[in-house]
Amino acid sequence: MDDATRYRLTTWRKRLERRGRVSLRRSRPPGNRLVEYHVILQGRLISGRVRLSELDRDAGFWQPGSPVYLLERCQDVEEGVWRVAKDQAAAPGQLVRSIPY
């Protein structure tokens, strides 16, 4: 990854932190609450909602792209942020997109 892309990703993360999200480098999300996350992995933006306590931690820990892999293991994650979802009854799910840069 070149320096310009790294700079854009860092400013993207910091902008989201100023809006109330927490960096994955600072702390891990709580397992018993629904969290919303945005993670950059291998040139893709992965966004979603998940309650980690409802997932099979052992299976997802080794599966690249799974919420457990992204939020707990953090291997190959370039940048990532999360926050506790305002609507705890919202549907969980995940969306994968290309990086907008």
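So, in the range 20-53, exactly how many residues are among the polar types (S, T, N, Q) and either within 12 Å of the chain's Cα centre (by Cα) or within 17 Å of Ser98 (Cβ to Cβ) (or both)? Total satisfying the criteria: 4. You will find that of Pro92, Pro64, the residue that is surrounded by fewer than 14 Cβ atoms within 10 Å (Cβ to Cβ) and touching an Asp or Glu at 6+ places or on another chain (Cβ under 9 Å) is Pro64 and no other.
Please indicate, with yes or no, whether at least one residue in the range 52-69 is basic (Lys, Arg) and farther than 23 Å from Met1 by Cβ. Quick ask: steps written out before the conclusion?
Keep residues of the range 52-69 that are basic (Lys, Arg), which gives 57.
After this cut, where a residue has to be farther than 23 Å from Met1 by Cβ as well, the list is 57.
Yes; the residues of the range 52-69 include at least one that is basic (Lys, Arg) and farther than 23 Å from Met1 by Cβ.
Scanning the range 80-95 for any residue that is modelled with pLDDT under 95 and touching a helix residue (DSSP H, G or I) at 6+ places or on another chain (Cβ under 6 Å) turns up nothing.
Cβ-Cβ contacts under 8 Å between residues 6 or more apart (or on different chains), taken from a first residue in the range 35-49 that is touching a residue at least 40 places away in the same chain (Cβ under 8 Å) and acidic (Asp, Glu) to a second residue that is outside any strand (DSSP E or B) and surrounded by fewer than 18 Cβ atoms within 10 Å (Cβ to Cβ), are listed as Glu36/Ala85. Consider the range 17-32 and keep the residues that are modelled with pLDDT under 95, within 24 Å of Gln88 (Cβ to Cβ) and of a type outside the set (Gly, Ala, Ser). The one that is surrounded by the most Cβ atoms within 10 Å (Cβ to Cβ) is Pro29. The listed residues are Ser53, Ser66, and the only one of them that is in contact with a helix residue (DSSP H, G or I) (Cβ under 9 Å, 6 or more places away or on another chain) and free of Cβ contacts under 8 Å to residues at least 40 places away in the same chain turns out to be Ser66.
The values are calculated or read from the model by the stated rules, or taken from the named source; none is laboratory data. Computed from a predicted model, the values in this text were never measured in an experiment. No Cβ is skipped: glycine too gets one built from the backbone with ideal geometry, and neighbour counts run over all protein chains shown.
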